[in-house]
Amino acid sequence: MKGKIVSRGALFIQRGDEERETCCPYSGEQQLTCGDRCPLFGEPQVQNGITVLELCNAVLYFKEFEDERPKSEVEHQSFDGE
């Protein structure tokens with residue numbers, strides 16, 4: 001499977017010849033995008049060359065994965081600033 005997290009934090013998955021934005025199946029009629037705004041959206045982890053992404057009720061495995069979100073120093077700090 002091929003996927004990516006775009007710069008605004010939304011998850012896209014390759015379906016056929018196109019990348020499609022994913023919607024949260026639990027958002028009801030609102031059709032919210034699955035992405036890093038959700039507290040149950042994990043950070044992608046590479047394990048044995050496969051990117052693993054834990055979501056609220058699923059784990060996705062990607063052979064090809066891009067994370068286009070900007071990198072910042074905040075990612076490397078704890079909540080108390082250490």
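Candidates are the residues of region 1-29 that are in a strand (DSSP E or B) and of a type outside the set (D, E, K, R); the one that is farthest from Phe41 (Cα to Cα) is Gln14.
Within the set Glu75, Glu82, Glu68, Glu29, the sole residue that is modelled with pLDDT of 95 or more and not β-branched (Val, Ile, Thr) turns out to be Glu68. Can you name every residue in region 56-65 that is of a type outside the set (Ser, Thr, Tyr) and either loosely packed, with under 13 Cβ neighbours inside 10 Å or modelled with pLDDT of 95 or more (or both)? Selection gives Asn57, Ala58, Val59, Leu60, Phe62, Lys63, Glu64, Phe65. Total residues in region 19-31 satisfying the condition of being exposed (fewer than 14 other Cβ atoms within 10 Å of the Cβ) and over 17 Å from Arg69 (Cβ atoms): the figure is 8.
With respect to the conditions (1) surrounded by fewer than 17 Cβ atoms within 10 Å (Cβ to Cβ); (2) not in a loop (DSSP other than H, G, I, E, B), Glu43 lacks only one, and its number is (2).
The values are calculated or read from the model by the stated rules, or taken from the named source; none is laboratory data. It should be emphasised that the depicted structure is a prediction, and the values quoted were computed from it without experimental measurement. Cβ atoms come from the backbone with ideal geometry, glycine included; neighbour counts cover every protein chain shown.
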